[in-house]
Each structure stands twice: as structure tokens, then as C-alpha cells.
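A single structure is presented below for examination.
All of the numbers you see were taken from the coordinates with simple rules; none came from a lab. As the structure is a computational prediction, the values presented were derived from the model and not from experiment. Using ideal geometry, Cβ is built from the backbone for each residue, glycine included, and neighbour counts are taken over all protein chains shown.
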Amino acid sequence: MKEKTNIRHLFSSAAERNTFLKICAPMVRYSKYESVSLLEPFRAKRLVSMPRLILLFHCSRLEFRNLVRSYGTDLAFTSMIMADSFCQSEKARLNEFTTNEDDTPLIAQFAANNTIDFLSASEMVYPYVDGVDLNCGCPQRWAMAEGYGSALLKTPELIADMLGTVRRNMPSTFSVSVKVRLLSSSDQKHTIDMCRQLEATGITFLTVHGRTAPEMTKVPVHKDALQEIKQSIAIPMVANGDIFTLADAEQMYSQTKCDGVMAARGILSNPALFAGYRSTPVECVKRWMDICQQADTDITYQCMHHHFSFMTESLLAKRLRYELNSLPKEKHKVYEFIRTHLPLDGVVDEGNGGKQYPEKTSCTYSEQKYRERTATRSKNSRAADGYDPEASEGNFFQSKRVELDETAAAQNGEDSVDGVDFMDGGSLLFDE
Ligand SMILES: Cc1cc2nc3c(=O)[nH]c(=O)nc-3n(C[C@H](O)[C@H](O)[C@H](O)COP(=O)(O)O)c2cc1C
């Protein structure tokens, strides 16, 4: 088992130092891929007829967490992981969660719509993380339709049951948390009631994204609401939304008196944000290249490339970014391109130069408890229904297929912009 960090202590030690925790948000997005062996079972069963498929792209995966930790991030989240897929499929686990012994403090975020999935997934990931988090903030249509993400905000008693059950079943030193949004942009009474109910389940901390579910990222974050919530609860509160510089984070801390500040889009486009850089330093690009080269086949082309694309936004002219996004899908071509257009060779990386990252931890999981629990679940339960571990990646991928078909139908067969579809209904971050 990996050495554990006590997240409660992490918050109290920051508070004693009159500061806040700097947190890298959970980030997953969707992208289209030409052909992916992971989805071959669907093709074989003729469940997928599209030539290009939507797959999850984990922005906050191990290699990116390594990078942001080297630039002042105190605590990192995994991307959102579908709890049902995680419980049911070894392939999904291998694809969606990797870690190493340096990868701490770490919170695994799950999307779940029932207690069995959330509890079982939490137990399975327990040896490798310092806490689990329930996503109650995702506003996407597919998530809402399946009762995930912010759809859960309509049933606080279900959220409370999921969190309370996991809390009671895990050691008290293990963090259990939840990420929510505001229920209203004007009156915080209901949000405060909900946060108090969540607090009563015994959770370690709470993250609040300071917007309501329908609000797009162009709506400024409601900091006054975050401040009001913070005053109404006793557990640590992480404030999230519109953090693009360290100064933004400091301002959020001083305005809301929060215990932690979480950045998503800001840290994607500048992974060195929490170290005080106002835009990505070239040294950070070099570090990312080192990490990717060390990770070798553990990192996909897409992950390596997308992060280069995000973080060079401020470093490359638009024409060059377009060129970067049009390169043939070979890693060495991307490395070559970056070396040609950015002065990496002259960079002395004093902070992290030549750091060797530990090997990926070989994670082993037992599905036994999950199987026992689902055996007793009613026949109508979706997770127990017809799951064949050899033939599918779990319910989530099947639901994505339906969504993909619907989207394709709606678009009359025309692709959306690169098929890029952000979790947050926010703007596109790059124009591939
Ligand atoms: C690319 C991307 C992926 C995201 N994925 C997740 C996710 O997996 N889980 C989650 O709770 N929120 C997710 N979000 C929402 C962010 O965590 C965050 O709440 C939101 O972007 C507001 O923060 P920001 O203004 O710093 O971007 C995602 C946001 C982005 C931009």
C-alpha cells in the first residue's frame, strides 16, 4: 500500500500557516479517436458503427499530476472516473487510473449514482489514494440523464447516503469529500442547507464551484456566495472557479476565507500557475517533455499532445499552434516540433532537471465485494444488468455510445469542432 497523507492534517497545517491549499482540479474531457482497441468489443458486436469514436481523455492523469506537483500544487485530483466501470472492468481500471509512489496527496474522484458503486469503487482504489471524492458538479446532458454529477444535487438524501456510507466504511484518516455547485446564483439558503447536510455525513472537506449548473464559464464566479457558504460550515471548504494566476488564488482566499483553491482551465494552460508564473515558462514545457519521454508507452499520444497544445497557448503564435495540432500522430514529430519552435535546449531546469520519476505502481483490485453486493441488488438495477467483463467497458461506455449516436444524428453526420466536448460547458481550449 502507498504511504498515506492525511488530508485533514494537510488543511489544518495550511490554516496554521495562514495560507490555503493549492489544488489541481479533476479534469476529464471527450475526444474523438480514429480507432481504439478498447472499443473493439463494441465494434465486434456491431454496437458501434461510427468511423470515429468519442473516448475519455484524462487531463489530470498521473503524468500531468507529476508536472503540476513540481510547480507548487499541494493536492491533486484524478480525472472523474465512472464508478460503475471501475468496479466492473479491469480494462477500465487500467485505462482510467494509474499512480506511482510520489503521486500523493491524491484524491480519486468518482461519478456514481448509487451507494454500492461509490462504496465498492472507493474500497478498490483505497490502497492507492488519500481520499475519494463524489462528483456532484458535472452539468453535462449525458451525466444529468444518467443521474450523475449535478443531477445528484436534486436528491441530497441520496448524496448524503452515498457519502455517509463510504465515510462509515473507510478509516477516519482517509478523506471522503464531495464537489458541488451553487444551487442558486442569488440566494444561498438552499446551497447552505445542502452543504450543512453534506457536512453532517462526516466528510473531510467540500469543494464548491461558484456557479450554478446552467451557468457557463463566461459567468463570473460568485465569490460572495462562496464566502457565505464558508462561514456556514465548519469543515474545510475549497473554492473553485476562474483561477488563472496565483494572484487570483490569493484573492479568492482573502475574499472567501476558504481553505483551499482549486484551478482547472488555468492550470491546463499554465501548469506552473501555483508557483507564481503568470504564463507557462519554457522550462515547464521542457519538464513535460521529460515526463512524457520517461513515461514512454504509459502515456498516450493524445494526452502528451493535448497538454503541449494547452500549455503552449501563450508561447506559440496561432499559426504554429495550428501546425502543432495538425502534426501526424507520432510522438517524436511533436517533440521535434516543440524543440524547433521553443528554445528548450538553452533552458536550465534547476527545480526539477533530470528528475527520475518512480515506476508506475502495479495496482491490483478485487471485485469480490462488489460482486456480492450487486448479486443482492434487484434485477432491475442497471449495474447488475447483463454485464460481461470480457465484452464491454461497463455501462458508461455504452451510454456514451448512445450519446454519440444521438449527437451524430443531430448533426446530420457532420463532426462537431474536433469532437471536443468539455465537461463544463465551457469554451474550447484549443482549436485542433
Ligand atoms: C477540461 C475540463 C475537464 C473537467 N473535468 C471535470 C471532472 O472530471 N470532474 C469535475 O468535478 N469537474 C470537472 N471539470 C470542472 C472543473 O473541475 C472546474 O469545476 C471548472 O472548470 C471551474 O474551474 P475553472 O474556472 O478553474 O476552470 C472540468 C473542467 C474542464 C475545463
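On a 25 Å Cα-Cα criterion, which of the cross-link pairs K91/K360; K257/K355; K4/K257; K4/K230; K4/K369; K286/K318 come out too long?
Result: K257/K355; K4/K257; K4/K230 exceed 25 Å.
Contour minus end-to-end for K369 and R17, with contour as 0.36 nm per residue of separation and end-to-end as the Cα-Cα distance?
Answer, rounded to one decimal: 122.6 nm.
Apply the Karplus curve 6.51 cos²θ - 1.76 cosθ + 1.60, θ = phi - 60°, to the phi angles in the stretch 78-93 and return the couplings in whole Hz, x for Gly and Pro.
Going residue by residue, I get 6, 5, 4, 10, 6, 4, 5, 4, 4, 6, 9, 9, 5, 4, 4, 4 Hz, with x marking Gly and Pro.
Find out how many positive minus negative residues lie around A151, taking Lys and Arg as positive, Asp and Glu as negative, among other residues whose Cβ is under 13 Å from that of A151.
+2
Hey, another quick one. Can you find, among H307, Y322, V282, the residue sitting farthest towards the positive end of the charge dipole of the stretch 282-341, where Lys and Arg contribute +1 and Asp and Glu -1 at Cβ?
Farthest along the dipole direction, towards plus: Y322.
Right, another one. So between Y322 and K257, what do we pick up on full extension, going 0.36 nm a residue minus the alpha carbon distance?
Full extension of this stretch gives 19.3 nm more.
Would you mind ranking D130, D193, D242 by Cβ crowding within 10 Å, fewest neighbours first?
D193, D242, D130
First select every other residue whose beta carbon is under 11 angstrom from the beta carbon of A160; then total the charges, Lys and Arg +1, Asp and Glu -1.
Value of the local net charge: -1.
Note the full-extension length gain between S279 and E228 as 0.36 nm times their separation in residues minus their Cα-Cα distance, in nm to one decimal.
15.2 nm
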